[in-house]
Structure formats: structure tokens, C-alpha cells
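Single-structure report; data block below.
Values quoted throughout were computed directly from the atomic coordinates according to the rules given, and no laboratory measurement underlies them. Remember, predicted model here, so these are calculated numbers, not experimental data. Reconstructed Cβ throughout: ideal geometry from the backbone, glycine too, with neighbour counts over all protein chains shown.
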Amino acid sequence: MTRTALVTGAAGGIGRAVASRFLADGLRVAGVDLSDPELPDATYHRADVTDADEVAVAVRDAVAAHGSVDVLVACAGVTSGGPLHRTTEEDWDAVLRTNLTSAFLCVREVLPGMITAGAGAVVTIGSVLHRTAAPGLPAYAAAKGALAALGRQLAVDYGRYGISFVTVSPGWVRTPATESRLDGDADLGRLRESNPSGLLITPEQVAAAVAFAASPEAVLLNGEELVLDAGASAVSPASLLRDGHRRRMGLPPLGGA
């Protein structure tokens with residue numbers, strides 16, 4: 001039976017890549033965003049995923065169009081921030097509502113159908129930045145860490161209904177939104193050097209991980225977090241300064257030969 005995936009943030013870099021991957025894999029796709037993701041083979045639902053009523057309508061529309069929602073990918077998010085002592089309550093609430101509350105609202109809306117079906121997959125898009133912090137993103141880090149905790153809790157509560165919950169947490173992904181924060185090729189080079197693989201993560205690579213996490217074969221991952229950072233979080237910061245030592249050990253410098 002062909003499954004249907006509902007993808008929030010479907011017009012963004014990662015969300016659009018996820019929706020495209022699902023379509024290529026033969027799933028039906030309902031994209032949810034404030035902007036049209038321009039995916040001709042998917043249905044599109046304009047909705048603010050921080051609004052419970054709009055989420056309910058989007059899910060009902062997806063079920064009406066496709067018969068069910070078998071997979072939910074909660075990809076909507078923002079990366080705005082600033083130092084905590086300059087963060088207003090309004091700023092804090094906006095980041096948490098977009099990154100965390102939206103996932104809660106969407107999961108709550110699709111759960112009854114998945115419980116009735118006795119099957120389903122929920123994938124939330126987290127971030128390594130709740131594990132290895134970056135400057136000036138307190139609300140973002142808190143929200144992404146909470147997504148991983150929420151997934152573990154929901155796996156305990158709903159795993160026996162045949163529903164799996166996985167958080168996919170990438171490092172820095174090459175999207176227009178993230179690259180706009182970089183200082184050109186110099187910053188790209190430093191990012192490349194910061195992980196043992198010397199890679200810059202693409203939205204398509206994240207989408208491949210999401211596709212697997214949402215598949216029936218990934219049931220044993222229920223409640224887990226998949227970290228996609230090419231090994232960056234495995235590296236001690238001090239080791240980045242020790243290329244001379246690595247050469248003496250017969251190892252290539254971090255970031256490539």
C-alpha cells in the first residue's frame with residue numbers, strides 16, 4: 001500500500017529535499033508551509049504550523065486528498081537568536097513555537113489516525129546544536145533538545161501502537177538560509193575542516209536519512225536521535241590544532257589531505 005507523508009516546512013531547503021525524496025521513493029506527499037514548495041506531484045497546504053486550528057485543517061485536507069497520513073516529518077523551524085540577556089520573551093516564544101510547539105501540534109493531530117491504523121512514523125528535524133552549542137542560540141538549542149526528548153517520550157507512550165518516533169539532527173546544512181550567515185568561502189572552508197570527513201552536509205543527505213528513519217525497516221530506531229554531522233561532534237576542539245601531530249602519526253589532517 002502506498003503511504004502518505006505530510007512534510008511541514010516543505011518549501012525550505014531541508015523540507016523540500018525531504019518531500020522530493022519521498023516522491024522519488026513512491027510516497028504520496030502533502031507539503032505544509034506558508035510558501036508554495038512548487039512540487040508538482042505533491043499536494044500543498046498553506047498553513048501556519050504554530051496555529052492549532054490551521055494544523056488541524058491541513059491534516060484533514062491531507063487525509064481527504066490521500067486517505068491517510070502515514071508519515072509525519074516535522075521540519076518547520078527558524079534559526080533566529082541572540083545572547084540570552086538580550087532575548088525578549090517574545091523572541092523566545094517565537095523560536096520555541098516554530099521549532100517545538102509546531103511539532104507538538106502536528107503530532108497531536110496525526111496520532112489518532114496512526115493509532116487506529118496500528119502503524120505510523122514521525123520524524124522530527126532536530127540539530128546537533130543542543131549537543132555542541134554555538135554562540136547566541138539559546139532558544140534554538142533549547143527547542144531542538146526538547147524535540148529529541150519529546151521523541152523518546154512518545155516512543156515510550158505510543159510504540160506499542162506500531163508508531164515510531166525518530167529525531168534526525170544534522171549539523172550545518174548547505175541551504176540558502178544557512179549560507180546567508182556565512183562569511184563566504186572562508187567560513188565554508190572552516191566548516192569543512194571542522195569534521196573528520198571534510199564534508200559539507202547537503203539537504204539531500206538529510207533527506208536520505210529521514211527517508212530511512214520513516215521506513216518500516218527503521219522500527220528498531222524508535223525513540224532514537226540520528227546525528228548527521230560527518231563526525232564533527234566526535235572531534236575534540238583541541239584536536240583541530242594538531243595537524244602536525246596527525247602527520248607524525250601517519251594520519252591526514254582533519255578536513256582532508
Between PHE212 and ARG160, what FRET efficiency comes out of the Förster formula 1/(1 + (r/R0)^6) with R0 = 25 Å and r the beta carbon distance, rounded to 0.05? 0.65
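If we count every other residue with Cβ under 11 angstrom of ASP61's Cβ, Lys/Arg +1 and Asp/Glu -1, where does the sum land?
Summing Lys/Arg as +1 and Asp/Glu as -1 gives +1.
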Mind computing the radius of gyration and Dmax over the alpha-carbon atoms of region 27-165? Å is fine for both. 15.7, 48
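Using Cβ contacts closer than 10 Å as the measure, can you line up GLU225, GLU54, GLU89, GLU38 from fewest to most? It would help to have the intermediate numbers written out before the result.
Numbers: GLU225 20, GLU54 17, GLU89 7, GLU38 11.
In increasing order of surrounding Cβ atoms, one gets GLU89, GLU38, GLU54, GLU225.
Tell me, HIS45, HIS85, HIS66 in order of fewest to most beta-carbon neighbours within 10 Å? Present the calculation step by step, with values, prior to reporting the outcome.
Details: HIS45 22, HIS85 6, HIS66 19.
Placing the least packed residue first, the sequence is HIS85, HIS66, HIS45.
At 0.36 nm per residue, minus the direct Cα-Cα distance, what do ALA65 and TRP92 gain on full extension? Give it in nm, one decimal, please. Working shown, then result.
Numbers: separation 27, 0.36 × 27 = 9.72 nm, distance 3.56 nm.
Between ALA65 and TRP92, full extension yields 6.2 nm more.
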